[in-house]
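One structure below.
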Amino acid sequence: MKSKPAKKPIHQKVAAQTFTLITTSLGLVAALAWNEAITEYVNIYIKPKFAAGSGVISLFIYALVITIVTVIVSYQLGKISKKITK
């Protein structure tokens, strides 16, 4: 016979959801801060290495690098998450 898991009271669910929202919000703030820092780095160190008016190229390089880093980090976090949940 399977026993049903105990239901959490509503205040615990609200608290858990609030913590999730706060954590997500802080992650967004951190991402925006990194975006600004990396954008400034691209403007100072990468744009001058290309011909004048080729700012679009440096932005594509930036987007490509960020995408690659995001995929790698997401993959690694997924592996860690699976290990933790086992």
TODO: Evaluate E = 1/(1 + (r/R0)^6) for I80 and A52, where r is the Cβ-Cβ distance and R0 equals 35 Å; express this FRET efficiency to the nearest 0.05.
DONE: 0.20
Open item on the list: Helix-only estimate, please: 222 nm mean residue ellipticity of the chain, summing -39500 (n - 2.57) across DSSP H runs of length 4 or more and dividing by its residues, to the nearest 500.
Closed with: -26500 deg cm²/dmol
Task: Spin-label model distance (nm) - A30 vs T67, 7 Å beyond Cα toward Cβ - done: 2.4 nm
TODO: Eight or more residues apart or on different chains, and alpha-carbon atoms under 28 Å: count the Lys pairs in the chain matching that.
DONE: 18
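Each reported figure results from applying straightforward, stated rules to the coordinates on display, with no laboratory input. All of these numbers come straight from a predicted model, not from anything done at the bench. Reconstructed Cβ throughout: ideal geometry from the backbone, glycine too, with neighbour counts over all protein chains shown.
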